[in-house]
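Presented below is the structure to which this report refers.
The values are calculated or read from the model by the stated rules, or taken from the named source; none is laboratory data. Predicted model, so just to flag it, every value in this text is computed and none were measured. Cβ placement follows ideal geometry from the backbone for every residue including glycine, while neighbour counts extend to all protein chains displayed. Areas reflect the complete protein model, heavy atoms only, side chains present, ligands, DNA and RNA absent. Shrake-Rupley method; radii C 1.70, N 1.55, O 1.52, S 1.80 Å.
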Amino acid sequence: MRIERRERVPAALLLAGGVGACLLLLVLGSLLIHSAGAPVAASWLALLKGAFGSRLAISEVLTRSTPLILTGLACAVAFRAQLWNIGAEGQLYAGALMVAALGSGALSLPAWLLLPTLLLAGAAAGGAYLLGPALLKRFLNVDDVVTTLLLNFVMALLVSLLIQGPMHDPLSMGWPQTAPLIDDGMLPRLIVQSRLHAGLLIALACALLVALVEARSSFGLQRRAVGLNAKAARFAGISTTRIAIWTALWSGGLAGLAGAVEVMGLRGYVTGDLSPGFGYTGVIIAMLARLHPGAVPLAAFVVAAVFVGADAMGRAFNVPSYIADVMVALSLFVMLGTSFLLGYRVKK
């Protein structure tokens, strides 16, 4: 027996693969819910109602999608150029800290200028945080998976140090957080009496921009060439060093922007629990979207719906909240397995 790549995947097989993957996920999710001692059908209904049952529920899903779109894009952009950025979580906090440092009164600018300045500053901080691992990989062949992952823990310690030290808000009654942003530094709300803010529009605009650059620009073509074969790209005259630097700035910038909009749209300050793992979830979203920037918003919306719906399911039937994390992880494994079976076949 041997495994060989399919030259062409029939449309019927693609449809069957998608339906089969959804059914398999439904079965696996039902087993998880059953193992938690909850009624399966009622729990699924509670999940759907919690995610889409009201205007407030949908707005909460969109709010949760906003940072996930940006971290998913950050990972997709990096992975397409063979830069394995597992450190979007750290870059998110780098952007959040920069916004908190500049937006709490350090800059005296009109509102129309302060908002873009803070967003660009957050993106710049995230990009700078990824630049080191990218250069280490390019010039010293240091494993970028290890360096970017470890920098997440370095950033977590740095955040803890700063919010309890130099950046601690003296009016927070001892709670470890930074000083709040001034009112002009906050993003406007899109829907009254909800948490949905203008960061969603920024995230969608970024997805459109990334998709256009990847598909229509010479820079996107060069990045794809480096991602497919760096040696062949160098032979063709493409500067892999330049591509590595700009990819790091671009990917880290998107993750830093996720931290910026999370602070400017919701919290208004930085705490140690600002992100419940948005950076790590971005890796899953990028893989679910098959590294296609245009598909990242849809993947982020689905994952956010699972998280929000699972919260409602947990409140209704006392199902553990980590069930949602397991469901999202299972969806990645099912997607990878389906992609393999669609792309290859077993022959005797």
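Dipole of region 215-326, Cα-centred, from +1 at each Lys and Arg C-beta and -1 at each Asp and Glu C-beta, to the nearest 20 debye? Don't skip to the answer; put the middle values down first.
Working: 9 positive and 4 negative charges, 146 e Å.
Dipole magnitude for region 215-326 comes out near 700 debye.
Highest average first, the peptides 17-27, 296-306 ordered by how many other beta carbon atoms sit within 10 Å of their residues are 296-306, 17-27. Looking at region 1-55, the accessible area is 71 square angstrom per residue; that uses a 1.4 Å probe and ignores ligands, DNA and RNA.
Report the calculated FRET efficiency for residue 16 and residue 109 (r = Cβ-Cβ distance, R0 = 35 Å), to the nearest 0.05.
Working: r = 56 Å, r/R0 = 1.61.
Rounded to the nearest 0.05, the efficiency is 0.05.
Of 212, 237, 188, which is farthest on the positive side of the dipole of region 173-267, counting Cα position, with +1 on Lys and Arg Cβ, -1 on Asp and Glu Cβ, and the Cα centre as origin? Highest projection toward the positive end goes to 237. What's log10 of I(q)/I(0) for region 171-330 at q = 0.09, 0.13, 0.18 Å⁻¹, Debye sum over Cα points only, no solvent? The computed values of log10 I(q)/I(0) come out as -0.42, -0.81, -1.24. Entry note, the chain: the mean residue ellipticity at 222 nm calculated from DSSP H runs of n ≥ 4, each adding -39500 (n - 2.57), is -24000 deg cm²/dmol after division by the residues and rounding to the nearest 500. Near residue 197, the amide H atoms lying under 5 Å from its own belong to 190; only residues 5 or more places off or on other chains count, and H is placed 1.01 Å from N. Note on the chain: dipole from Cβ charges, positive end direction compared against 101, 122, 339; the farthest Cα belongs to 339. Taking every alpha-carbon pair under 8 Å whose residues sit at least 6 apart, region 125-217 reaches a relative contact order of 11 percent.
Convex hull over the alpha-carbon atoms of the chain: what's its volume per residue in Å³? Before the final figure, lay out the partial values.
Details: hull volume 60.5 nm³, N = 348.
About 174 Å³ per residue, rounded to a whole number.
Each semi-axis of the equivalent ellipsoid for region 39-103 is √(5λ) with λ an eigenvalue of the Cα gyration tensor; in descending order they amount to 32, 18, 10 Å. With protein chains left intact and a 1.4 Å probe, residues in region 257-348 average 42 Å² of accessible area per residue.
Where the accessible area of the chain is counted over protein heavy atoms with a 1.4 Å probe, how much of it, in %, is carbon and sulfur?
Working: 11890 of 17110 Å².
Carbon-and-sulfur percentage of accessible area, whole number: 69.
Each pair of Cα atoms in region 1-115 enters the Kirkwood radius, and Stokes-Einstein at 10 °C and 1.306 mPa s then converts it into a translational diffusion coefficient of 81 µm²/s. Under Stokes-Einstein, with the Kirkwood radius over Cα pairs standing in for Rh, what whole-number D in µm²/s applies to region 104-217 at 20 °C and 1.002 mPa s? It comes out at roughly 123 µm²/s.
Taking 7 Å steps out from each Cα toward its Cβ at residue 326 and residue 290 produces label points 2.9 nm apart.
Between residue 28 and residue 213, the contour length at 0.36 nm per residue exceeds the alpha carbon distance by 62.8 nm. Shape descriptor for region 275-315: Rg over Rh equals 1.03 (Cα atoms; Rh from the Kirkwood inverse mean 1/r). Take the Cα of residue 175, step 7 Å toward its Cβ, do the same at residue 341, and the gap between the two points is 4.9 nm. Three semi-axes describe the equivalent ellipsoid of region 73-136; taken as square roots of 5 times the Cα gyration tensor eigenvalues and ordered largest first, they are 27, 11, 9 Å.
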